[in-house]
Amino acid sequence: MAAMADDPTDPWRREAQTFPRLSDEMIERALAYGREETFSEPAVLFERGQRNIDFFLVLDGHVDIVADDFRTGRTNVYAYGQGQFTGEQNLFNQRKVLLGGIARPGARLLRIANADFRTFLVGEPDIGEIIIRAYILRRVGFIRHSRGGVLLVGRGGNSEVLRLRRFLSRNVYPIEMVDTDSDATAADLLRDLGITEDDLPIVVAPDRSILKKPGNCQLADALGISEPPEPGVVYDVAVAGAGPAGLAAAVYAASEGLKTIVLEPLAPGGQAGTSSKIENYLGFPTGISGMALAGRAHIQAQKFGARLSVSRSVTGIDCSVYPYRLTLDDGQSVLARSVVIATGARYRRLSAENYDRFEGNGVHYAATAMEAQVCSGQDIVVVGGGNSAGQAAVFLSRSCRHVHMLIRRGIATSMSDYLVQRIERSSQITVHHPCEIAALDGGDRLESVTWMDRENGATRQVPVGGLFVMIGASPNTEWLEGCIDLDRNGFVHTGAQCVKSPATTPYATSRSGIFAVGDVRGGSVKRVASAVGEGSVVVQAIHQFLQQGL
């Protein structure tokens, strides 16, 4: 286990938190939840790729945690000693584990069965807090050090490579990137694997299995990232969308004993998950990234038993039957007594010349560390005047040569004051208004954009490495047509907006048992805190409906 010597945020350097030891008194309490086992010979406790593994607490001796990586083979990651415990985030869910565990001869362990693990966490909250913090840090360490993950091989700036990197990183899955344009070892690796340039991009698992140009669903299933719906189960609550509103609904529903499933096409977090830092969210005075906030909420929901199926889009809902039947894009269906619509909204596309040509090849709808790396040292353009655009501009200005912000009105119109002040003080950011994008140009990738001054019609062409589009909002509600009332822009009518059959609660739709929260709801406030509040409050209405029925 090698830490990054100059990086104080590296979890490997925070050993007391990442690999803590429980006190004797805590160990005594833990004994009530499992059974003791002693090993006279080396014994495999769990292997990479298994699901539903047990939790082990070391009473005496040691447990070795091993990684099976494609390039380095089997290596030891850490040796747990007395008072330390195994596991990481995948103990909270049905996903495949990333690492293996081997008990050394003479080890005496407490085994807590997977089925009893949540009972242990809830019953002993002080121990649960230590375990959850450790599990979060361990996964961050795996990401930083590429342990237990996959090789992603392809051209670094390729749109399909970016899609795969985005999917894996948003789902907190370790990646080792091999850029065939710059990595000197790439040619030998491709020859060893029997892969040609036409096969790229590929994902290589530690067992040498190869996925060529995989889709998100194929990749999620192969790596065990997704938790598929349980066949034949009728859920109390099905939440469509895992943004802040959907995750909040899942946390509160599951914590109150409702059997809950969350259906999400990409990864936890929604649009908010792409924010580099949210600084006006209550309780985080130094700010928190959207991805970190989503990750914590995801673990919190799973701690209470919610099931999260990622890479699963809801394509339709049958409102003529009860329980309601939701159809997924892979052909599966989910039955639920109540439904929470939290599918949010997506940024609008621009109607500029050559725009379609460069989507995925220079046009971005998120500003995370991955996009910042791709555009490092280059000029970039951010389109939009809201908080998301402001956060993106400030974040990208740290690594890009210069950021041009294009807006139709002044930035103070729709942006929080703290962001306005930072943008106005920054020599790395220039605001242009009232302006709009007229055309994009380049070869295989975006190389320049032309914008137009809306007042005088003057145009300007600027070489850029990326265009970040963060304007407007189009609701993800195509799958709801014919079931509930929508407004003319596609947002969901709720509460008093439901003219034909007024709803009894602010988040109820025109059909009993179906609710809407967050950005997808007509008239909602497009802020993370508002979405979380709506997702939390709606659970009371769900309880009332389930008690009364249709």
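The values are calculated or read from the model by the stated rules, or taken from the named source; none is laboratory data. Keep in mind it's a predicted model, so treat the numbers as computed, not measured. Quick reminder, even Gly has a Cβ in these numbers, built from the backbone with ideal geometry, and neighbours come from all protein chains shown.
The conditions of being buried (at least 20 other Cβ atoms within 10 Å of the Cβ), without any contact (Cβ under 8 Å) to a residue 60 or more places away in the chain, out of contact with any Ser or Thr (no Cβ under 6 Å at 6 or more places or on another chain) and part of a strand (DSSP E or B) are met by V58. Tallying residues that are modelled with pLDDT under 95 and either of a type in the set (D, E) or under 22 Å from R104 (Cβ atoms) (or both) within segment 6-46 yields 5. Residues in segment 363-400 that are buried (at least 24 other Cβ atoms within 10 Å of the Cβ) and assigned to a helix (DSSP H, G or I): E371, S388, A389, G390, Q391, A392, A393, L396.
With respect to the conditions (1) surrounded by fewer than 22 Cβ atoms within 10 Å (Cβ to Cβ); (2) not assigned by the TED database to the domain that holds R521, V449 falls short on a single one, namely (1). Just one of the listed residues (I127, I143, I112, I132) is more than 18 Å from I210 (Cα to Cα) and in contact with a strand residue (DSSP E or B) (Cβ under 6 Å, 6 or more places away or on another chain), namely I112.
The residues in segment 77-91 that are more than 28 Å from the chain's Cα centre (by Cα) and of a type in the set (S, T, N, Q) can be counted, and the count is 2. Close contacts from segment 175-204, counting a first residue that is not assigned by the TED database to the domain that holds R165 and a second that is modelled with pLDDT of 95 or more, with Cβ to Cβ under 6 Å and a gap of 6+ residues or different chains, come to none at all.
Hey, among E279, E264, which residue is charged (D, E, K, R) and under 22 Å from V469 (Cα atoms)? Testing whether each residue is charged (D, E, K, R) and under 22 Å from V469 (Cα atoms) leaves just E279.
Only a single item in (1) at pLDDT below 95; (2) surrounded by 24 or more Cβ atoms within 10 Å (Cβ to Cβ); (3) in contact with an Asp or Glu (Cβ under 9 Å, 6 or more places away or on another chain); (4) farther than 15 Å from T343 by Cα is not met by T260, and it is number (1).
Looking for something β-branched (V, I, T) and either buried (at least 19 other Cβ atoms within 10 Å of the Cβ) or not assigned by the TED database to the domain that holds R521 (or both) - is there at least one such residue anywhere in segment 240-254? Looking through segment 240-254, at least one residue is β-branched (V, I, T) and either buried (at least 19 other Cβ atoms within 10 Å of the Cβ) or not assigned by the TED database to the domain that holds R521 (or both).
Results for (1) among the charged types (D, E, K, R); (2) in contact (Cβ under 8 Å) with a residue 40 or more places away in the chain; (3) surrounded by fewer than 22 Cβ atoms within 10 Å (Cβ to Cβ); (4) within 15 Å of V538 (Cβ to Cβ), shown as yes or no for each residue.
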{"site": "L440", "(1), (2), (3), (4)": "no, yes, no, no"}
{"site": "V469", "(1), (2), (3), (4)": "no, yes, no, no"}
{"site": "G490", "(1), (2), (3), (4)": "no, no, yes, no"}
{"site": "T509", "(1), (2), (3), (4)": "no, yes, no, yes"}
{"site": "G518", "(1), (2), (3), (4)": "no, yes, no, yes"}
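Where strands (runs of 3 or more DSSP E) fall wholly inside segment 401-487, the ranges with 3 or more residues that are within 30 Å of Y281 (Cβ to Cβ) are 402-406, 429-432, 466-469. Being basic (K, R) and under 19 Å from S338 (Cβ atoms) holds for only one residue in R527, R521, and it is R521.
If you go through segment 301-328 and pick out every residue that is surrounded by fewer than 19 Cβ atoms within 10 Å (Cβ to Cβ) and within 13 Å of P268 (Cβ to Cβ), you end up with 0. Here's a check for you: in segment 190-236, which residue that is in a helix (DSSP H, G or I), surrounded by fewer than 19 Cβ atoms within 10 Å (Cβ to Cβ) and aliphatic (A, V, I, L, M) is nearest to the chain's Cα centre (by Cα)? Among residues in segment 190-236 that are in a helix (DSSP H, G or I), surrounded by fewer than 19 Cβ atoms within 10 Å (Cβ to Cβ) and aliphatic (A, V, I, L, M), the one nearest to the chain's Cα centre (by Cα) is A222.
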